[in-house]
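Values in this text are rule-based calculations from the coordinates and carry no lab data. Everything numeric here is computed off the predicted structure, so don't read it as measured data. Here the Cβ positions follow ideal geometry from the backbone for every residue, glycine too, while neighbour counts run over all protein chains shown.
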Amino acid sequence: MMPQSLAQIYLHLVFSTKDRQPFLHGAIERSRMHSYLVGTCQNLGCPSIIVGGVKDHIHVLCRFGRSISVSDLIRELKRESSKWFKDEFPLMQEFYWQSGYGAFSVSASQLELVTEYIRRQEEHHRKVSFQDEFRMLLKKHGLEWDERYVWD
């Protein structure tokens, strides 16, 4: 009999554009970025459940693969998508992602709730800024942060 190594870990990743610039303000740019990130997640062995967001930030809900670290996953998502975005939209050469990120564990029982939360980002951000949303996620997950270093 062959030993098995099994894992089922879900991650909710959140990161913004540099200085929260509204680079993803157009529906076309935003939709294509989301689609590109879906493909990149798949290529990195971390299939996405949903990718969403608004003009200045992204949410990715994915199944975490067994052969990559969280920091490597996010670094590659940002690197690949930034290069692609600048190639695809030549007028967006100033596009960058922020240096930091949030990575939060999601229990299987909460997948539908988080999926719906990401699906409703546009509605949500009519009332709540990215900064307030991010602070709420940090609090919800029991993380401490320093305001001087969390925003770039």
Would you mind telling me which numbered condition in (1) closer than 15 Å to His12 by Cα; (2) polar (S, T, N, Q); (3) surrounded by fewer than 17 Cβ atoms within 10 Å (Cβ to Cβ) Asn43 fails?
(1)
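Only one residue in Arg32, Arg75, Arg63 is of a type in the set (Lys, Arg) and in contact with a strand residue (DSSP E or B) (Cβ under 9 Å, 6 or more places away or on another chain). Which one? Before the answer, list the steps.
On the way: Arg32 fails: in contact with a strand residue (DSSP E or B) (Cβ under 9 Å, 6 or more places away or on another chain); Arg75 fails: in contact with a strand residue (DSSP E or B) (Cβ under 9 Å, 6 or more places away or on another chain).
Going through Arg32, Arg75, Arg63 in turn, just one is of a type in the set (Lys, Arg) and in contact with a strand residue (DSSP E or B) (Cβ under 9 Å, 6 or more places away or on another chain): Arg63.
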Of the residues in the stretch 111-152, how many are among the charged types (D, E, K, R) and over 27 Å from His25 (Cβ atoms)?
6
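Can you find, within the stretch 113-150, the residue that is surrounded by the fewest Cβ atoms within 10 Å (Cβ to Cβ) among those that are among the hydrophobic types (A, V, I, L, M, F, W, C) and touching a residue at least 60 places away in the same chain (Cβ under 8 Å)? Talk me through it step by step, then tell me what you get.
Within the stretch 113-150, the subset among the hydrophobic types (A, V, I, L, M, F, W, C) is 113-114, 118, 128, 130, 134, 136-138, 143, 145, 150.
Restricting the remaining residues to those that are touching a residue at least 60 places away in the same chain (Cβ under 8 Å) gives 114, 118, 130, 134, 137.
On the way: Val114: 18, Ile118: 21, Phe130: 19, Phe134: 21, Leu137: 16.
The residue in question is Leu137.
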Within the stretch 1-57, how many residues are of a type in the set (Lys, Arg), free of Cβ contacts under 8 Å to residues at least 40 places away in the same chain and either farther than 17 Å from Ser82 by Cβ or touching a Ser or Thr at 6+ places or on another chain (Cβ under 9 Å) (or both)?
1
